[in-house]
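Below: the structure, in structure tokens.
Quick note: the coordinates plus some simple rules give every number you see, no bench work behind them. Please read all numbers here as calculations on a predicted model, not as lab measurements. Positions of Cβ are generated from backbone atoms using ideal geometry, with glycine treated the same way; all protein chains shown enter the neighbour counts.
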Amino acid sequence: MKGAGMNRIDQRFATLKDQRRTALIPYITAGDPGPAHTVGFMHALVEAGADVVELGMPFSDPMADGPVIQKACERALKHDVRLTHILAMVEEFRRNDDETPVVLMGYLNPMERMGLQAFAEQAAASGVDGVLVVDMPPEEADEIAPLFKEHHLHSIFLVAPTTSKERAAIICAHGEGYLYYVSLKGVTGAANLDVASIEHQLDSLRQLTSIPLCVGFGIRDGDTAAAVGQVADGVIVGSALVSRIAENCDRPERASDELKALMSEMRQALDA
Amino acid sequence: MSKFSDLTRLPDARGHFGPYGGRFVSETLSFALEDLEKTYMSLRNDPDFQAEFDRDLAHYVGRPSPLYHAERWSRQLGGAQIWLKREDLNHTGAHKVNNTIGQALLAKRSGKPRVIAETGAGQHGVATATVAARLGLNCEVYMGAEDIQRQKLNVYRMRLLGANVISVESGTRTLKDAMNEALRDWVTNVDDTFYIIGTVAGPHPYPLLVRDFNAVVGREAREQSLAQIGRLPDTLIACVGGGSNALGLFYPFVEDEGVHMIGVEAGGDGIETGRHAAPLSANAPQGVLHGNRTYLMSDEGGQVSSTHSISAGLDYPGVGPEHALWKDVGRVEYVAANDKEVLEAFRELTHVEGIMPALEPAHALAHAKVIAPTMRPDQHIIVNLSGRGDKDILTVAKIDGMDF
Ligand SMILES: Cc1ncc(COP(=O)(O)O)c(C=O)c1O
């Protein structure tokens, strides 16, 4: 368990700020292609330059995800991967890495089914630092937010290009750790990026909050990472990594190598 | 004032029906929903909008639909008088069109050139394709691959109407997955696309507006009942998938405490087998899916369960949030009818009254068969005959070993 001090996410962003570096945040789905591989993948991502690891909690109905992450959920759920298993993965990861922040990302129903109290307690005990509940906007977070706070878990929220000024203010008031700015209209895995418009939106968010602004959706290689890295405090990459896993389902060693290769490419591009 | 008057004032400003409902969506959808809410709230009490809606219902849909006294069937069952609210006679053959007419008017006012829909049995898809044709809107309908197989006629009908039917291969390949896919489409194309949801589920304001557009069913039935029976009915029965035809019939009677209401869910192979689509009558746990909190069939890990029903239109693991509340406060009794009973009721009404019901309302008929004989001949039941059976002929034929 972490000490009474700062949340690992805050610590990590403070360090990055001192070093004037942009955070590189990979996302993979827990249990994809099988539960035995996740912890190894997490370490591989960190080795190749990840600053924060986002771990997806698979759900049968991932409404906000594109086909790549939908299929990852299906692969994981074939093994009946549950939240308790995912928390055990984080615990195992923590045995060799007590520094890298871990953020869980998923949908509300599995957490409710486990019990929000139990989930918050056990997530904190396993070494989770933040939780992003995709289908829970701040207006519906009355019950969950205080539980997360009590257990020193950061509540991470999404902001979209379509989010109104009034809503952005509400989200910024609730958001902790970092804000996840969705760079385009659509689901995860979609393509086209417009860096100028992202910059414009991030500027107006900076009027509302001082927490780091990270950008996800549409970042897939060194070039897109570098472009967005110019304007954001962090870049989040999901579908591009998950596709590497999908292509190498029966060769997890190779999947791990490809994850590392993509992460290194992005790390170098960001640090150049 | 009735002890149920409070129910008429829901949902609250954030779309909650007691602990149910709400707007549990990704931030990427918030804007579209706020926008829709604004549009609808500004038109909800607008006399011009209402007049246009009423005109379309009268001249395009063919309302009011009759309240028909099924005398022969009532006599045969030997108890209460059974009356059928003939939504099967609507243009396109089901109650679904009441809602699509309303939402199409909203789409028209919002100036969006494209509409999308999800569909299970295909009735909502057909109704959407129909209004889209009439208004010259592009239309794409998401439908689970499994439902495309069992509702081939409706798929072809939608194509004839000019809609593009998109097969959904993810998850259980039924209605819930079609809804996921439609929501994904909507977040991607929100600038030019209006999403016409087909039942009283989904995020706020959908449960509210779909109920409002279907409440014409209950308003008519109430008046017809006073005129034809001379008083309010004793019992209302409707099938419940997402719950739109049931809410449409029930809502205008909610304060009439003497009117007993029964919602009939899909019992599939039987509640005890676990192969059903009856979250309310099986007492499924609370959960969150498609933007609202409700009773939701899910496994211990919180993954949404696959459901089973002979009727594609009821094959859904959740239920509209207003029904969840009405169950808890005891306003409506929820029961299930299993596939076998449903087929019997389908055949019986066809033989005895010459009316072939869709398999969805055949669930309501199956329950009428159970309770009518326990009631007196001076008591009256209204069954919502939410749609006609043409679309199900191939399904029934297959059960009878026929192949066309
Ligand atoms: C004729 C008919 N009745 C009922 C339903 C179920 O929907 P709901 O519960 O929203 O009325 C359907 C759905 O396809 C239908 O086609």
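Laid out as a table, the results:
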{"item": "Radius, Kirkwood style, for chain A when every pair of distinct Cα atoms is counted (Å)", "result": "18.3 Å"}
{"item": "Test item: Cα-centred dipole of the protein assembly as shown, Lys/Arg +1 and Asp/Glu -1 on Cβ, debye", "result": "1260 debye"}
{"item": "Local electrostatic count at residue A:76 - Lys and Arg +1, Asp and Glu -1, tallied over other residues with Cβ under 12 Å", "result": "+1"}
{"item": "Counted charge near residue B:346, where neighbours are those whose Cβ lies closer than 14 Å (Asp, Glu -1; Lys, Arg +1)", "result": "-4"}
{"item": "At least 30 Å along the helix axis (C-alpha) and Kyte average at least -0.5, DSSP helices within chain B", "result": "none"}
{"item": "Exposure proxy order (Cβ contacts within 10 Å, fewest to most) of B:351, B:276, B:260", "result": "B:351, B:260, B:276"}
{"item": "Cut-off under 5 Å, modelled amide H: who pairs with residue B:338 long-range", "result": "B:267"}
{"item": "Amide H contacts of residue A:105 (H built 1.01 Å from N, under 5 Å, at least 5 apart or other chain)", "result": "A:55, A:56, A:57, A:132"}
{"item": "Rounded Å value of the spacing that divides the Cα centres of region A:39-75 and region B:251-279", "result": "40 Å"}
{"item": "Cα centre as origin, Lys/Arg/Asp/Glu Cβ charges: region A:154-272 dipole, Debye", "result": "280 debye"}
{"item": "Selection from B:120, B:106, B:309 lying farthest towards where the dipole of chain B points positive, charges on Cβ", "result": "B:106"}
{"item": "Residue exposure sequence - B:326, B:83 - by fewest surrounding Cβ within 10 Å", "result": "B:83, B:326"}
{"item": "Alpha carbon convex hull of region B:199-290, volume per residue in cubic angstrom", "result": "111 Å³"}
{"item": "Kirkwood-based shape ratio for the protein assembly as shown, expressed as Rg/Rh from alpha carbons", "result": "1.01"}
{"item": "Candidates B:273, B:350, B:128, ranked by Gaussian network fluctuation over chain B, Cα under 10 Å, top entry", "result": "B:273"}
{"item": "Prolate/oblate/rounded call for chain B, Cα gyration tensor, a/c under 1.5 rounded", "result": "rounded"}
{"item": "Kirkwood hydrodynamic radius over Cα pairs of region B:27-95, then Stokes diffusion coefficient at 10 °C and 1.306 mPa s, in µm²/s", "result": "103 µm²/s"}
{"item": "Charge dipole magnitude, Cβ of K and R +1, D and E -1 - region A:8-266, Cα centre, debye nearest 20", "result": "260 debye"}
{"item": "DSSP-defined antiparallel bridges as percent of all bridges, region A:8-266, nearest 5", "result": "0 percent"}
{"item": "Other-chain or far-sequence residues with amide H under 5 Å of residue B:118's (modelled H)", "result": "B:142, B:198"}
{"item": "Bridge type composition, the protein assembly as shown - antiparallel percent by DSSP, nearest 5", "result": "20 percent"}
{"item": "Under 10 Å, Cβ to Cβ, from residue B:314 - net charge with Lys/Arg +1 and Asp/Glu -1", "result": "-3"}
{"item": "In region A:116-167, the GluC sites (Glu not before Pro) that fall in loop regions by DSSP, at most 16 other Cβ within 10 Å", "result": "A:143"}
{"item": "Eligible aspartates and glutamates near residue B:398 by straight Cα distance, threshold 16 Å, same-chain separation 8 or greater", "result": "B:146, B:147, B:339, B:344, B:390"}
{"item": "Filter on A:165/B:108; A:149/B:327; A:185/B:112; B:85/B:391; B:85/B:369 - keep pairs with C-alpha separation over 22 Å", "result": "A:165/B:108; A:149/B:327"}
{"item": "Fraction of antiparallel bridges per DSSP, chain B only, in percent to nearest 5", "result": "30 percent"}
{"item": "Lys/Arg +1, Asp/Glu -1 at C-beta; region A:56-158 dipole; positive extreme among A:106, A:86, A:123", "result": "A:86"}
{"item": "Average silhouette area of region B:265-356, convex hull of alpha-carbon atoms, in square nanometres", "result": "6.6 nm²"}
{"item": "Approximate shape of region B:46-134 as ellipsoid semi-axes (Cα gyration tensor, √5λ), whole Å, largest first", "result": "32, 16, 9"}
{"item": "A:200, B:95, B:380 arranged by Cβ crowding within 10 Å, fewest neighbours leading", "result": "A:200, B:380, B:95"}
{"item": "Region B:182-242 and region B:375-403: distance between their alpha carbon centers, rounded to Å", "result": "21 Å"}
{"item": "For the protein assembly as shown, with +1 on Lys and Arg beta carbons and -1 on Asp and Glu, the positive-most of B:10, A:11, B:53 along the dipole", "result": "B:53"}
